[in-house]
Amino acid sequence: MDDVVVVGGGIIGAATAYFLSKEGRKVRVIERDPAYKKASFPLSLGGFRRQFFQKENINLGKFALEFISNISNTLKTKTNPNPTASMVPNGYLLLFGPEHAKEQYEALKNHKACDAGTKNIPASKLKEIFSWINPEGLETATYTDSKIEGWIDPHMFHNALKNKAIELGATFEKGDVKKISDINAKTIVSAAGCWTNELLDDVPVAPQKHTVFRVKCPKHYPEMPLTGDLPSGVYWRPEGKEYLAGSPNSKFDCPDLEPEWNDFENLVWPALANRVPAFEQLKLTGGWAGYYDCNTLDNNAIVGKHPKYENVFLATGFTGRGLMQSPGIGRGLTELITTGKYQTIDLSCFHIDRIFAKQKRTEPYVL
Ligand SMILES: Cc1cc2nc3c(=O)[nH]c(=O)nc-3n(C[C@H](O)[C@H](O)[C@H](O)COP(=O)(O)OP(=O)(O)OC[C@H]3O[C@@H](n4cnc5c(N)ncnc54)[C@H](O)[C@@H]3O)c2cc1C
């Protein structure tokens, strides 16, 4: 019998394998596509932030920074002596219209309670800090400017976690797990991302296609934060000398990952040009689509022990934030598995029981 089997070697699987291996567990990770062609993490925008509504999500975002900042020490291996996630700490800027402002003022109380370091600014003052912005129609904004939020390279981060887990004794092998009951292990962790429902059919997580466009603009703002324009749902950030911009449109039941090219003309470009007048001169240079692991009940993580099994734990449903939450989730699951309870961030609010009871715990800040 195996000690631990992790199904899915994506970012959650790799982080969990790392933390469990560090605690001396013998971990076997089974991944059906080691090239990760359709996995969510390589197709993500790499963003990490603490600007959420719920305290647990704020604290997971804070731990992401702490963990990523230390990987040159913690994830160093013989084969990867200088691990990096290529962090760009430009911060996040979230823009709210009157329809979201009240909720945002409530969220700020949680930011404060968690010592998140978030700043609040009325829309009328935005241009003093962000000269490129058109604040029309906005009421308020939150941002960080102290290098505590930003984005990373998801491949490099995954590679560093996987490498370290292997050095600590974990194995990663190719395999397609058809049924949880096919596995014979003391502990099973389902980290199958948006495909979790194929293994655990009472978990309401589904692949939700999201499109990201790559654009070029004569005017370059390398210091621009990852900006989310809540009224339009469009978000963007610099990427080298270009920019990446996410469409607010998402779709279920899409077996292919063809980008929704029409969204650019119809939704994304108009919103970008409205908020950043220099973006009127954009040129589309590329794009891709990937699946969010969407929790269709409440857009929030599902983490913990599955009550219908003796030995099955799961982590999924991150709905656009699984990359940044992976260190906190890997650590939290490891605490739960090895000690029976969470020791650092209490993640019990994400337990699947709330799903069975249809008690939503909606996180509003989905980008
Ligand atoms: C366009 C886009 C932008 C995003 N932007 C961000 C962002 O800025 N910040 C952020 O934090 N998150 C972002 N995300 C979300 C993030 O990518 C996901 O939440 C995260 O990758 C989920 O991690 P995971 O390991 O659960 O899933 P995945 O990364 O999809 O990994 C799951 C793995 O499990 C394997 N698998 C599934 N079923 C089986 C099986 N039965 N047997 C064996 N292997 C199996 C799959 O092949 C896959 O490799 C974004 C996602 C997209 C698509």
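Structural remarks
- Computing FRET efficiency as 1/(1 + (r/R0)^6) for residue 129 and residue 201, where r is the C-beta to C-beta distance and R0 is 35 Å, gives about 0.10.
- Applying the criteria of a DSSP loop state and at most 11 other Cβ atoms within 10 Å to the trypsin sites (Lys or Arg not before Pro) of the stretch 72-165 yields 78.
- In Å, descending, principal axis extents of the Cα set of the stretch 92-250: 60, 35, 32
- All-pairs Cα distance distribution in the chain, expressed in whole percent, bin size 10 Å: 5, 25, 34, 24, 10, 2, 0
- 1.4 Å probe accessible area per residue over the stretch 209-270, in Å²: 46
- With the charge dipole of the chain set up from +1 on Lys and Arg Cβ and -1 on Asp and Glu Cβ about the Cα centre, the Cα lying farthest toward the positive end among the listed residues 212, 306, 296 is that of 306.
- Dipole magnitude for the chain: computed about the Cα centre from +1 point charges on Lys and Arg Cβ and -1 point charges on Asp and Glu Cβ, it is near 800 debye.
- Taking every protein chain into account, the accessible area of the stretch 28-112 amounts to 44 square angstrom per residue (probe 1.4 Å).
- For residue 178, the lysines whose Cα falls under 25 Å of its own Cα, not counting residues fewer than eight places away in the same chain, are 26, 37, 38, 162, 186, 209, 305, 308.
- If you take the Cα centroid of the stretch 179-194 and the Cα centroid of the stretch 306-367, the two points sit 16 Å apart.
- Quotient of the Cα radius of gyration of the stretch 126-167 and 2.2 N^0.38 Å, N being its number of residues: 1.98.
- Taking one quarter of the surface of the C-alpha convex hull of the stretch 169-208 gives a mean projected area of 3.7 nm².
- Close amide H pairs (under 5 Å, H built 1.01 Å from N) link residue 28 with 4, 5, 6, 171, residues at least 5 positions away or on another chain.
- Taking 0.36 nm per residue of separation and subtracting the current Cα-Cα distance, fully stretching the chain between residue 171 and residue 338 would add 58.2 nm.
- Residues of the stretch 192-221 with amide N under 19 Å of the 7 Å Cα→Cβ point at residue 262: 209-213
- Accessible surface of the chain, 1.4 Å probe, proportion on carbon and sulfur as whole %: 50
- Proportion of all alpha-carbon pairs of the stretch 225-367 beyond 21 Å (%): 54
- Projecting the Cα positions of 67, 35, 24 onto the charge dipole of the stretch 7-126 (unit charges on Cβ atoms of Lys, Arg, Asp and Glu, taken about the Cα centre) puts 24 furthest along the positive direction.
- Over the stretch 137-193, accessible surface divided per residue gives 43 Å², non-protein components excluded, 1.4 Å probe.
- Within the stretch 301-367, the ratio Rg/Rh, alpha carbon atoms throughout and Rh by Kirkwood, equals 0.95.
- Taking a straight line from the alpha carbon of residue 241, these lysines sit under 22 Å away, with near neighbours fewer than eight places off in the same chain left out: 147, 216, 219, 283.
- Percent RCO, i.e. relative contact order, over the chain, from Cα pairs under 8 Å lying at least 6 residues apart: 24
- Sorting 297-303, 347-353 by average packing, meaning the other beta carbons within 10 Å per residue, from highest down gives 297-303, 347-353.
- Packing rank of 283-291, 7-15, 89-97, where each peptide gets the mean count of other beta carbons within 10 Å, highest leading: 7-15, 89-97, 283-291
- 5 Å-binned pair-distance histogram of the stretch 1-135 (Cα, whole percent): 2, 8, 13, 15, 17, 15, 10, 9, 6, 4, 1, 0, 0
- For the stretch 265-293 and the stretch 76-148, distance of Cα centres in Å: 20
- Choice from 327, 154, 307 showing the highest fluctuation, given a GNM over the chain with Cα pairs closer than 10 Å: 307
- Convex hull projection area averaged over all views, the stretch 63-131, Cα basis, nm²: 6.6
- Dividing the Cα radius of gyration of the stretch 123-193 by 2.2 N^0.38 Å, with N the residue count, gives 2.03.
The values are calculated or read from the model by the stated rules, or taken from the named source; none is laboratory data. Remember, predicted model here, so these are calculated numbers, not experimental data. Cβ: placed from backbone, ideal geometry, glycine included. Neighbour counts: every protein chain shown. The protein model used for the area step is the full one, side chains on, heavy atoms only, and it has no ligands, DNA or RNA in it. Shrake-Rupley method; radii C 1.70, N 1.55, O 1.52, S 1.80 Å.
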